[in-house]
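Beneath this line is the structure, given in structure tokens, with notes to follow.
The values are calculated or read from the model by the stated rules, or taken from the named source; none is laboratory data. Remember, predicted model here, so these are calculated numbers, not experimental data. Quick reminder, even Gly has a Cβ in these numbers, built from the backbone with ideal geometry, and neighbours come from all protein chains shown. Just so you know, the surface numbers come from the protein's heavy atoms only, side chains and all, with ligands and any DNA or RNA stripped out. Shrake-Rupley method; radii C 1.70, N 1.55, O 1.52, S 1.80 Å.
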Amino acid sequence: MLNKKRKFTILSLYLILLLSFSINLNAQSLIQSGPMVGYSAMREVGLWVQTKTDAEVFIKYWNTKEPQKKFSTNSVKTEKNKAFTAKLIADNLEPGQIYNYEVYVNNKKVSFNYELKFQIQKLCQWREDPPEFSFVTGSCFYVNEEKYDRPGKPYGSDYQIVESIHKSKPDFMLWLGDNYYLREADWDSWSGILHRITHTRSLPELQPLLGSVHHYAIWDDHDFGPNNSDRGFWNKEKTLEAFKLFWVNPSFGVNGNPGITTYFQWADVDFFLMDDRYFRAPNDLADDEKPYLGDEQIKWLIDNLVNSRAPFKIVAIGGQVLNPVSGRGIETYEMFKKEKEKLLNLLEKNKIEGVIFLSGDRHHSEVSKMERENSYPLYDITVSSFTAGVSPGKNENNPYRIGQSIDQHNFAKITVKGPRKNRELECNFYDIEGKFISGIKISEDELKYQSVGK
């Protein structure tokens, strides 16, 4: 009799475990991509997830120091016309803490075989030296889909690069544009746009990186529209709407204007994310005054740079800023020479210190350093390409290039460290396996007017 009871108990436990596994598997099967961690503020974090069909989604999270005390985000019902995406806000947070989280779909917990976490920035202002932090950056992330790709050799490869990025343990990642590549079958319809971004975002190798590293993004032509597309692209409102669905930036557009322009701060460094497509005139337009960023964006940028007290002011733009080479398929700010001169003159006129440009697009990486008379040198750190085809820059005569042109798939990891008023920025380039290629160091003092003539 006792043996029968034991057998019944064991069988019951087995059935319960089997049912629990089945429920979890069903919830897991509803996840299309993500979860992804977005912006980090002092009191809230933006989170994101995509399901395969209509579903109710929310996230539970807890301070790693108090795992028994859990909080929940808002609940979102995903919808087809929004690509089944959900943005969720964790807002019961304290500065300087690390949190784990878990995803619930239709009120069922989803299990992942990697850690899900996010962090809240430290409240160091007026209290202590800013912390050391690091971020990964780069551009041109192409994921093949043969039936929609051009015939011939696949354009995308080396997806393991995202695993190397994850292993490098950055605090956040800044995507510099061409984060997905709209194809001919994509950019002329809402269905096509959503298909392309969903396909790219669902890459298996990408998921652990999305789930535990904060992500910010700008765009360039291939996630805005066709190759070299500009303000005239007739479907730009839709690609903008899609960008907002799939990224969790702090905001989109400034001063009541559309676009993706925004700002964030990490520790003591200011980041200005610029839109080089929405207001941009055609490259070949016969107009010396043609806009690239446009007056409104430049005014906003200069206003905020003037007010910034950051040792490094990172200005992220999809295309290269300093490289004077242009034409023959080479898109740089030089094609909009008058506006470029205007921006650089405003930096000089207002004696704005600490500016560093970050750019992508070129399918090779390089560092440009432009010496200026009676002023500190300007740097433009170009990082490209993650997975899209490489376009060698070694034969291109960029007179401002320092060091080598990196003509292979690569990423850059940038670390900011040191005590307040003596900060240092170190930028190292790595290959797809995470092996060091080259690097530079820039001190806070090097980007000050008081350093001129020393």
For residue 251 and residue 394, what is the calculated FRET efficiency with R₀ set at 35 Å and r taken between the beta-carbons, to the nearest 0.05? 0.35
Proximal lysine pairs in segment 387-454, meaning Cα under 24 Å and 8 or more positions apart or interchain, come to 15
Just report the Cα centroid separation between segment 419-453 and segment 201-262, whole Å. 28 Å
Over the chain: helical MRE at 222 nm, DSSP H runs n ≥ 4 each giving -39500 (n - 2.57), nearest 500: -6500 deg cm²/dmol
Sequence ranges 332-344, 236-248, ranked by mean other-Cβ count within 10 angstrom, highest first: 236-248, 332-344
Say each of residue 94 and residue 127 gets a label point 7 Å from the Cα, pointing the same way as Cα to Cβ; how far apart are those two points in nm? 1.0 nm
For the Cα atoms of the chain, what angle does the longest principal axis make with the long axis of helix 295-307, in degrees from 0 to 90, nearest 10? 90 degrees
Counting only pairs 8 or more residues apart or on different chains, how many lysine pairs in segment 57-112 have their Cα atoms under 23 Å apart? 23
I'd like the Karplus ³J(HN,Hα) series for segment 265-278: coefficients 6.51, -1.76, 1.60, θ = phi - 60°, whole numbers in Hz, and an x wherever there's a Gly or Pro. 10, 10, 6, 10, 10, 9, 10, 10, 9, 9, 10, 9, 10, 4
Segment 247-396: mean projected area of Cα convex hull, nm²: 9.8 nm²
Please list 3J(HN,Hα) in residue order for segment 380-397, calculated via the Karplus relation 6.51 cos²θ - 1.76 cosθ + 1.60 where θ = phi - 60°; whole Hz, with x for glycine and proline. 10, 9, 9, 10, 5, 10, 5, 10, 6, x, 7, 10, x, x, 5, 8, 8, 8
Compute the angle between helix 337-349 and the longest alpha-carbon principal axis of the chain, please, reported from 0 to 90 degrees and rounded to the nearest 10. 90 degrees
So if R0 is 45 Å, what FRET efficiency would residue 52 and residue 346 give, r being the distance between their Cβ atoms, rounded to the nearest 0.05? 0.40
Using only the heavy atoms of the protein chains and a 1.4 Å probe, how would 430, 278 rank by accessible area, largest first? 430, 278
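Using the per-residue mean of other Cβ atoms lying within 10 Å as a proxy for protection, in what order, highest first, do the peptides 387-393, 311-317 fall?
Going from most to least packed, we get 311-317, 387-393.
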Whole-angstrom Cα spans of the chain along principal axes, big to small: 95, 56, 43
